[in-house]
1. VAL138's amide H: which non-local residues (gap 5+, or another chain) put their own amide H closer than 5 Å, with H modeled 1.01 Å from N in plane and none for Pro or chain starts?
2. What is the spin-label model distance, in nm, from GLU176 to ASN39 if the labels are put 7 Å beyond Cα along the C-beta direction?
3. Normalised radius of gyration for the stretch 115-158, please: alpha carbon Rg relative to 2.2 N^0.38 Å, two decimal places.
4. Determine how large the accessible area of TYR78 is when every protein chain is in place; take a 1.4 Å probe and give Å² rounded to the nearest 10.
5. State, as an integer percentage, the relative contact order of the stretch 46-122 based on alpha-carbon contacts under 8 Å between residues 6 or more apart.
6. Going from most exposed to least, what order do PHE128, PHE254, PHE41 have by accessible area with a 1.4 Å probe?
7. Testing the spin-label approximation: label points 7 Å from Cα along Cα→Cβ at ARG151 and ASN50. State their distance in nm.
8. Which sequence of ARG253, ARG246 reflects their accessible areas, 1.4 Å probe, from the largest down?
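The values are calculated or read from the model by the stated rules, or taken from the named source; none is laboratory data. A quick note: this is a predicted structure, and the numbers were derived from the prediction, not measured. As a convention, Cβ positions derive from the backbone with ideal geometry for all residues, glycine included, and neighbour counts pool all protein chains shown. SASA here: full protein model, heavy atoms, side chains in, ligands and nucleic acids out. Shrake-Rupley method; radii C 1.70, N 1.55, O 1.52, S 1.80 Å.
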Amino acid sequence: MKQYILLLALCINRDFSSAEEIQNPLQPRINGVRNARQNEFPFVVGLLLNRSIMECSGSIINQHKVLTAAHCIKGTTYNQWLVTAGSYYWGDTNVIQRKVSSLKMHPQYKSTGDSAFDIGIMDVAQPFEFNAAVHPVVLPRFNERLRPGTRAVAIGWGLTQTRTKMVLPLMLQALEVVPVVNGRCTRVWTTFERSICVVNANILDDTCFGDSGGPMMVGNVQWGLTSSGTANCKAGDPMKFLDVSRFTEWINRFSTIRRRNN
């Protein structure tokens with residue numbers, strides 16, 4: 001029962017990163033998903049606020065650092081967080097836990113609260129030990145473009161139904177999406193700076209609310225970061241992810257990262 005009480009905290013958002021998100025009472029989540037397989041996404045981590053509430057997701061970028069959304073960590077202190085890695089289902093006894101030693105938000109997000117800069121870095125107090133279940137993600141080259149039509153996967157611990165029927169998964173979830181031209185997002189979003197616009201690969205599924213800070217992947221490369229939720233949850237509506245390629249130079253100022261070679 002305690003586990004389910006903690007899971008219910010996924011339905012509550014402390015802080016939205018943009019005016020668009022204020023329309024939604026929940027953090028952005030993904031819907032129309034499948035269960036992740038063991039060790040399929042070894043770079044994905046869960047971020048526990050106050051050591052108990054699953055607040056956001058993130059991705060491991062090296063032995064010492066985790067990439068996430070700035071709005072996840074805004075207004076918090078490093079000692080409120082616990083990073084969980086190496087698990088793809090709730091209750092996994094092999095889960096790795098790390099305390100956090102510092103938090104960094106992009107300075108332009110800190111001063112403006114603009115979702116176009118909704119990115120942050122967590123330092124873990126003890127290095128990750130890499131294995132099949134815990135491994136760093138690869139990031140794109142600076143300003144590298146992801147072609148429309150490329151198949152991608154959004155990953156998170158989010159709801160698998162709409163806000164009227166909230167189903168909380170016990171396993172890490174993955175949703176196949178397809179980046180599209182940005183103009184398609186203008187009917188849902190008023191701003192689209194430094195973002196990637198995507199729609200579901202399966203039009204019968206609907207992109208709804210996905211865990212903030214979680215990655216959008218093509219192969220082993222993280223091209224996107226979940227930041228803003230959709231304005232509604234209709235099938236085929238576009239969702240936007242922060243474009244990680246716009247920030248690899250900023251990330252590299254604080255950490256050594258694995259970057260795409262070709």
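1. GLN222
2. Taking the two extended label points, one gets 2.4 nm.
3. So the Cα radius of gyration is 1.57 times the expected 2.2 N^0.38 Å.
4. Here the residue's solvent-accessible area equals roughly 110 Å².
5. Numbers: 134 pairs, mean separation 23.8, N = 77.
31 percent.
6. Working: PHE128 0, PHE254 75, PHE41 25 Å².
Correct descending sequence by accessible area is PHE254, PHE41, PHE128.
7. Distance between label points: 4.3 nm.
8. Ranked list, largest accessible area first: ARG253, ARG246.
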